[in-house]
Amino acid sequence: MRRKHTIELHSFMDRSFKDKKKVKRQASPNINLYSISPFVLLDPTICLMGIGLVSVALLEKFFEQQGNYDVAEALHTGVNIAIPCVAFGFIWRLMIAVSGAFL
């Protein structure tokens, strides 16, 4: 079934019914408060930390599959202690470096 369209005679005679009205979009301002490059994540330190965490997780899973549950549990306990210590140490070192204080 075709759709019917009713137009006025004046619009038909000057062919203005074929013209579609273009709606102008208002430009929105682009506000960028922080510009962070994605290449920052390719820093060697961050990549090495990520590779280290993934390798420890894979090693732990390997020990569990082999049946060495005690070794896997010891590795898990060590990682659960080491990661927060390293993170707090990194934050502490960053605070000292930024403030310029020497301890």
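Is there a residue in region 26-41 that is surrounded by 10 or more Cβ atoms within 10 Å (Cβ to Cβ) and either of a type in the set (D, E, K, R) or modelled with pLDDT of 80 or more (or both)?
no
Determine if region 43-66 includes at least one residue that is open to solvent by 60 Å² or more (accessible area, probe 1.4 Å), of a type in the set (S, T, Y), touching a helix residue (DSSP H, G or I) at 6+ places or on another chain (Cβ under 8 Å) and at pLDDT 75 or above.
For region 43-66, residues open to solvent by 60 Å² or more (accessible area, probe 1.4 Å), of a type in the set (S, T, Y), touching a helix residue (DSSP H, G or I) at 6+ places or on another chain (Cβ under 8 Å) and at pLDDT 75 or above: absent.
Can you run down the residue pairs with Cβ atoms below 9 Å, 6 or more apart or on separate chains, where the first is in region 16-31 and of a type in the set (S, T, N, Q) and the partner is modelled with pLDDT of 75 or more?
Pairs found: S16/H10.
The values are calculated or read from the model by the stated rules, or taken from the named source; none is laboratory data. Everything numeric here is computed off the predicted structure, so don't read it as measured data. Note that we place each Cβ from the backbone using ideal geometry, even for glycine, and neighbour counts take in every protein chain shown. Note: accessible area is taken over every heavy atom of the protein model, side chains too, but ligands, DNA and RNA are not part of it. Shrake-Rupley method; radii C 1.70, N 1.55, O 1.52, S 1.80 Å.
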